[in-house]
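Accompanying notes for the structure given below.
The values are calculated or read from the model by the stated rules, or taken from the named source; none is laboratory data. Source: prediction; values computed, not measured. Methodologically, a virtual Cβ is constructed for each residue, glycine included, from the backbone with ideal geometry; neighbour enumeration extends over all protein chains shown.
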Amino acid sequence: MNEIEVLALEQAPDGSRELLAQAKGRFGFVPNLFGILAHSPAALNAYMSLSNLFSGSSLSPVEQQVVLLTVSFENDCPYCMAAHSTGSRMAGIPAEVLSALRSGASLPDAKLQALHEFTRKMVQLRGRIGDADLQSFTSAGYSEPHVLEVILGIAMKTLSNYTNHIANPPLDRAFQTQEWHKSG
């Protein structure tokens, strides 16, 4: 399995050090994903910028986590599933919703299920969804801005999911209680 060294703040290139310091200030530690992305200041900046933009979207914090966990599940990314399962609890996601997202089951909330299903199909079909899928999403109370914000979340998670597939970072201690592996 591939591995890329996780850089500590002092090992990182100049263009990544300030970004890693920001991450440490936000999380209280530098997540290993960020230490990997630090090899490329442009990649680290892109991920952090996309994350900041997505967190400022019109999707609620719970809805954002539904998108991020759905993408990570579909892309089979254990690191991101553990990290976002941890973050979801802080965002106030109901335990039964988180459990369903981690197991691939239907969500117990109809609106969140519509978001989950739309996100899942967007990933699986690489954005080539049908009119009926779009109609189902908007009928659940979502709008065109939400469609674009789901795409933003998918872009953000694809960057980290693919990085984690290539780099195979060790799971941070803060995420270990939410360790995850796709069953089946």
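Just a few scattered comments:
- Among residues of the stretch 165-180, those that are within 27 Å of residue 127 (Cβ to Cβ) and touching a Pro at 6+ places or on another chain (Cβ under 8 Å), counted: 1
- Output for the stretch 155-172, where each listed residue is buried (at least 16 other Cβ atoms within 10 Å of the Cβ) and in a helix (DSSP H, G or I): 156, 157, 158, 159, 160, 161, 163, 164, 167
- Cβ-Cβ under 6 Å pairs, at least 6 apart or on other chains, the stretch 85-98 side in contact (Cβ under 8 Å) with a residue 60 or more places away in the chain, far side assigned to a helix (DSSP H, G or I) and surrounded by fewer than 21 Cβ atoms within 10 Å (Cβ to Cβ): 85/178; 86/178
- The single condition among (1) closer than 27 Å to residue 123 by Cα; (2) without any contact (Cβ under 8 Å) to a residue 60 or more places away in the chain; (3) of a type in the set (D, E, K, R) that residue 3 does not satisfy is (2).
One line per residue, one yes/no per condition, for (1) in contact with a helix residue (DSSP H, G or I) (Cβ under 7 Å, 6 or more places away or on another chain); (2) of a type in the set (Ser, Thr, Tyr); (3) not in a loop (DSSP other than H, G, I, E, B):
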site: 99; (1), (2), (3): no, yes, yes
site: 112; (1), (2), (3): yes, no, yes
site: 128; (1), (2), (3): no, no, no
site: 136; (1), (2), (3): yes, yes, yes
site: 153; (1), (2), (3): yes, no, yes
site: 175; (1), (2), (3): yes, no, yes
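- Taken across the stretch 64-72, residues that are surrounded by fewer than 14 Cβ atoms within 10 Å (Cβ to Cβ), under 21 Å from residue 173 (Cβ atoms) and not charged (D, E, K, R) do not occur at all.
- Test: residue in the stretch 78-87 that is in contact with a helix residue (DSSP H, G or I) (Cβ under 7 Å, 6 or more places away or on another chain), more than 13 Å from residue 160 (Cβ to Cβ) and in a helix (DSSP H, G or I): yes
- Test: residue in the stretch 169-184 that is closer than 27 Å to residue 110 by Cα and either of a type in the set (Phe, Trp, Tyr) or within 12 Å of the chain's Cα centre (by Cα) (or both): yes
- Looking only at the stretch 25-49, and only at residues there that are of a type in the set (Ser, Thr, Tyr) and surrounded by 15 or more Cβ atoms within 10 Å (Cβ to Cβ), the one that is nearest to residue 149 (Cα to Cα): 47
- Evaluation of residue 105 against the conditions (1) modelled with pLDDT of 95 or more; (2) small (Gly, Ala, Ser); (3) part of a helix (DSSP H, G or I) shows that the sole unmet condition is (3).
- Residues satisfying the stated conditions in the stretch 1-38, i.e. over 17 Å from the mean Cα position of the chain (by Cα), under 19 Å from residue 171 (Cβ atoms), of a type outside the set (Asp, Glu) and not in a helix (DSSP H, G or I): 1, 2, 4, 6, 7, 8, 28, 29, 38
- Residue within the stretch 110-120 that is aromatic (Phe, Trp, Tyr) and closer than 29 Å to residue 5 by Cβ present: no
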